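Beneath this line is the structure, given in C-alpha cells, with notes to follow.
Only the coordinates and a few stated rules stand behind these numbers; no lab work does. All values derive from a computational prediction rather than experimental measurement. Methodologically, a virtual Cβ is constructed for each residue, glycine included, from the backbone with ideal geometry; neighbour enumeration extends over all protein chains shown.
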Amino acid sequence: MDSQQILGIFAAAANDPLGYARAWKDRTGRPVIGSFPMNFPGELAHAAGTLPMILQESPDPITVGHGLLFPFYCGYTRSMVDQAARGDFDVLDAIMFGDHCVQLLGAADAIRVQLTQTRVIFFQLISSMCDPWTQGRSEESFAALRAELEDLLGAPVPDAALHDSIRLFNRNRVLIRKLYDMRKTGKAPLRAAEMQHVVKSSMIMDKAEHTALLEQLVAFHEQAAPQAQPGMRLHLSGHFCQAPKPEILSMIEDCGAIIVGDDLYHGFRYISTDVPEIGDPIAGLARWYLDRNTGVPCPTRVQNNVDWDAYLLDAIAEERADGMIVLMAKFCEPHMYYYPEVKEAFEARGVPHLLIETEHESMALEGLKTRVETFVEIIRRRAAAA
Amino acid sequence: MNISVPHDKRANKLKSTRIAGKLVNDYWQMVWRAKEEGKLICWYEGSAINPFLEAADICWVHGEAYSAMLAARHQEVKAQQAAEERGYMKELCSYARTHLGCAVSNQRTRNDTDTGIAFGPEDDDLSAKLPPPDMIISAYAYCSTGQQWDEMTSRVFGKKIPIFNVSLPWIWGAKKDAGYLRGQEWEETSRYVERQLYDMVKFIEERTGKPYPWDRLRAMMADIRRASELRLEAMELCTNTPAPASFFDWVVSIAPINNLPVDGVVQYFETVLAEVKARVAAGEGAVPTEKYRLFFDGIMNWNKVGWLAEKFARYDANVVAGRYTHMAFWQEPSLINPQDPVLGMAQNYLICPNNHASPILIDLIMGLCEKFKVDGMVIHASRTCRAFTNPQFLIADAAHKRLGLQTSMFEGDVTDESFYKDELLNSRVEAMFEAIDSRRLLV
C-alpha cells in the first residue's frame, strides 16, 4: 500500500468516525465506547476489548441540539448534544469521561437525558496538577473508571491486558511523533490536513490496525529524501477539543505558509506523551496524565510551575518557525483565559503571531485569508529587513 | 410591544434588609483599609471559605462578591475595560473578567508608580481600590472557570502569590444509591473535600506563622449554622400567600450569609425573620398585589437587582423563590457540627446550586416550585455563566412536563450589562402571564 492509500484510509475514518465505529462493531461484534476529550485514557477501554473512540465534532449544522444547549457554547459541546439528540450515537455502548470543562458538563447532562439506553460514566479528574496529592487522586480516578468499565462489561480488565494496550498505544504515539520530526526536516512534507487525518484517525480507529498502517507510512517517509519547503514556517496553536476545519488549514498553507509544528489536540498534544510501561498500569496512566501537562501545557489544567507560553516559544525555536497562528474555538473559556499570557509573551519576545477565532458554523474564509496573507507578508518583510 | 403596566406599583421590599447595605459598606471599608492595618489578604472565589480565613485574622476578598458589588454600584465598566485591554474576551465569565480587571489595574498602577510615568487611579475608582492578595485560595464547585480564573489571577501577579487549590468534584449521581446528600459518591466526595480543607488549614498556618485557631472557627460555624436556620425559616414563611418576601430580598441577603463578617449575622437574620413573621401576621406581601407567583432560575443579574424587583412588582408578580437563593449559601445547616465543623463545611460547599447533575438538581427545583406554589418560572440565561445556564433547557422542560408550569427565558448576565435585553424580557414575561391567565380561565 502506498502512502496516499494509507492517508486515504486515515482520512476516511477521520471524516466519518461513527461510520467507522459501526463497521468495526459489525465486523467484531464488540462494544464501542466513546469518550470526551481530552484526558480519558483510551488504553483502559482498549484493554477491556472494546473500541475506544474520542467523539468528534460533526461538520453538520446544529439542528435539534439548539433546544438543549445555548448558542453561546463552543461548537464541540453543541455538536455533541446535537449528535446525541439526532440519534447518531446509537452505535455507542457507553460514554466515559473525566474532564470537567463547565461546558462539557452541560453537554454531558443533556446527552445523558437523550441517551437513555447508553451508560454515561464520569469520574472527575483532578485538574490542579502540582498538588502533592495529584498523582494519588489521579490513580483513584483511573481506578474508579476502570471499575465502572468492569461493571459495564461484566468482566475484569486484567493488568496484563492493560500493559499490552499501553505498549500498543505508546507505539502508535511514537510513530506519529516520528512523522512530526520528519515533517520538520522535510522528509515527511505532509500537509496540515493530512497530519490532522493521521492524528484524528488514531483517536477513532482500532489501534492495532492504525499502528500497522502507520508503520508502513513512517517507513515510506524514512526512505524518502528531504524536500525543500518553500514558504513561511508556522506553528499552529490552540484548538483543544475539536479539530480545526481542514479548509482553514489548507487556506493557511495556500497563503504561502508551511506548518512545521503544532500543539493542537488533534495534533502533537494528543501524542506528545507515553505511558510508563512497567509497574502498576493505573499508576502509569496517572503519571502519563501528569507528564503530558508538563510536556505540552494545557490551559484546561492549572499548574503554576509550567507555562504554556514558554513552551510555545521553545517549540517555535526548535521548529525554526517564523511565527505562530493561534486557532481559538469560539467560546472556549480555558483558551480565552490563557490567551493574554501567550500574547504578552510573544510580544515581549518579538515573535509574530495571529489570532483566528473559529466557529462551528461556516466562517468567512475570504476575510480570514486576507488576514493570513497579510500576516505572512509581514513576517516575510520583517525577515527581509533583518 | 409591551402591555401597559401601572408605574405606581412598587416592590414592597423588606425594611430589615437595608441593614445589609450598611454591613456590606462596612465590610468593604474594612477590606480597603486592610493593607494599612497590616493584615494578610486572601483572594478566593467560589465556596464560602471565609470563616476559615476570618478565624485566622486574614482579610478575605471573594472575587464574585467584589464584581457583584461593582456591578450593583454601576462601577464595573473600568475593571472590564482593563481586562479587555489585556486581551480577556467578552465571552469570558464576567465575574472573572471584572475581577481580573481589578488585578490588572492593580498591577498596572503599581508598575506605573514604580516608573513614575503615570498617574494613580482616581479616588472614586473602586476597581483600583481592591488591595492585592498575599495568598490565593481556589475552591470552586462545578465550574471549571473558577480554578482557571484563580490561576490567571496568580499569573497576573507574576506567580509571586502563594496559591492553594481545593478540588471539588461534581456529583454525577449515576450509581444506584445516588441521591441528594446520600450514596457512596456523596460520602466519598465529602471525605475527599474534607481532607483537602485540612490541608488548606496547613497552608493558612504557613502564611500566618501561627497555629490555627480552631476554637474561633467552631464558634463562627455555630453562628453561621444558627443564621442559616433563621434564614431558611424566614424563606419557608414565603410559602404563605401573599409571600412576605421575594427572591430579590433574599438576593440582598446573600452577602450577610455568604461573605460578610460572621459577627452580626445571627442578629441580621433574627431581624429579617421577625419582619417576615410580622408581615405574615398582617397579610402583607412583597408586591402590592400578588397575582402571579414565580420561580427564578439562574444567577442574579447584579446590575439589575432593583430594576427587576420593581419590574415584576409592576406586573403583580411575586418572585417567591429561586435556584440561586434557595439552593445555596450554607443551605444545609444540619450538616454543620460546630464542634467538628470541617466535614459539614465541605458538604455545604458541594451542594452549591450547580454541583449536582441534572436529575438530582431538577428534582430539587421541582420540589421548590411545588412547595412555593408557583404559577410560572422565569429563567435568566446569563450569557457568561455557563454553570447556571447548563441545565436550563432541561429545567424548563421538566417544569412544563411535570408541573405544567409556564416558563419564560430572558437574556442577561451576572455583571456585564450589555448582554441584558430589556425588551425581550418584557415581551416574554408578558406572554407568560397571558398564558397563565388563559389557563386560569379554562380552570
Specify whether the C-alpha gyration tensor of segment B:300-442 places it in the rounded, prolate or oblate class, a ≥ b ≥ c being the square roots of the eigenvalues: rounded for a/c under 1.5, otherwise prolate if a/b is larger than b/c and oblate if not. prolate
At R0 = 41 Å the Cβ-Cβ FRET efficiency linking B:Lys202 and A:Phe220, nearest 0.05, sits at 0.10
Within 10 Å of each Cβ of B:86-93, how many other protein chain Cβ atoms are there on average? 6
Whole-Å semi-axes of segment B:18-442's equivalent ellipsoid (Cα gyration tensor): 35, 26, 21
B:Lys421: which aspartates and glutamates have alpha carbons under 20 Å from its alpha carbon, excluding same-chain residues fewer than 8 sequence positions away? B:Glu76, B:Glu91, B:Asp297, B:Glu310, B:Glu411, B:Asp413, B:Glu430
Reachable lysines, given that their alpha-carbon falls under 26 Å from the alpha-carbon of B:Lys176 and they are not under 8 places away in the same chain: B:Lys401
In degrees rounded to 10, the 0-90 angle between helix B:358-371 Cα long axis and the longest Cα principal axis of chain B is 50 degrees
Share of Cα-Cα pairs in the protein assembly as shown lying beyond 35 Å, as whole percent: 50 percent
Rounded to two decimals, the Debye log10 I(q)/I(0) of segment A:258-340 (Cα scatterers, no solvent) at q = 0.11, 0.15, 0.16 Å⁻¹ is -0.34, -0.62, -0.70
Restricting to Cα pairs under 8 Å and 6 or more apart, the percent relative contact order of segment B:18-442 works out to 17 percent
In the neighborhood of A:Trp133, defined by Cβ-to-Cβ distances under 14 Å, what is the net charge if each Lys or Arg adds +1 and each Asp or Glu adds -1? -1
For segment B:5-118, count the residues as N, evaluate 2.2 N^0.38 Å, and divide the Cα radius of gyration by that value, please. 1.30
Could you work out the mean count of beta carbons from other protein chains within 10 Å of each residue's beta carbon in A:44-52? 0
Tilt relative to chain A, helix A:17-28 - C-alpha long axis, 0 to 90 degrees, to 10: 40 degrees
Taking Cα atoms, the helix B:305-314 axis meets the longest principal axis of chain B at an angle in degrees (rounded to 10) of 10 degrees
Compute the separation of the alpha-carbon centres of segment B:21-85 and segment B:122-200 and state it in Å as a whole number. 16 Å
Within 10 Å of each residue's Cβ, count the other Cβ atoms and sort A:Trp133, B:Trp302, A:Trp308 from fewest upward. A:Trp133, A:Trp308, B:Trp302
At 20 °C and 1.002 mPa s, the Stokes-Einstein diffusion coefficient in µm²/s for segment A:285-386, with hydrodynamic radius from the Kirkwood sum on alpha carbon pairs, is 140 µm²/s
What ranking do B:Asp397, B:Asp413, A:Asp322 get, fewest neighbouring Cβ atoms within 10 angstrom at the top? B:Asp397, A:Asp322, B:Asp413
Mean other chain Cβ within 10 Å across A:104-113 is 6
10 °C / 1.306 mPa s Stokes-Einstein diffusion coefficient of segment A:176-321, Kirkwood radius on C-alpha pairs, µm²/s: 97 µm²/s
Ascending count of other beta-carbon atoms within 10 Å, so fewest first, for B:Lys13, B:Lys401, B:Lys159: B:Lys401, B:Lys159, B:Lys13
Are any of the pairs B:Lys35/B:Lys129; B:Lys9/B:Lys291; B:Lys39/B:Lys304; A:Lys330/B:Lys90; B:Lys22/B:Lys311; B:Lys15/B:Lys304 more than 22 Å apart by Cα-Cα distance, and if so, which? B:Lys39/B:Lys304; B:Lys22/B:Lys311
Taking every Cα atom in segment A:17-159, find the radius of gyration and the maximum pairwise distance Dmax, and write them in Å. 15.4, 46
Highest to lowest packing among A:44-56, B:219-231, scored as the average C-beta count within 10 Å: A:44-56, B:219-231
For the peptides B:268-279, A:255-266, A:293-304, what is the packing order when you average, over each peptide's residues, the other Cβ atoms within 10 Å and list the highest mean first? A:255-266, A:293-304, B:268-279
Report, in whole Å, the centroid distance computed from the Cα atoms of segment A:190-254 and segment B:352-400. 44 Å
Provide the convex hull volume over Cα atoms per residue for segment B:170-281, in Å³. 145 Å³
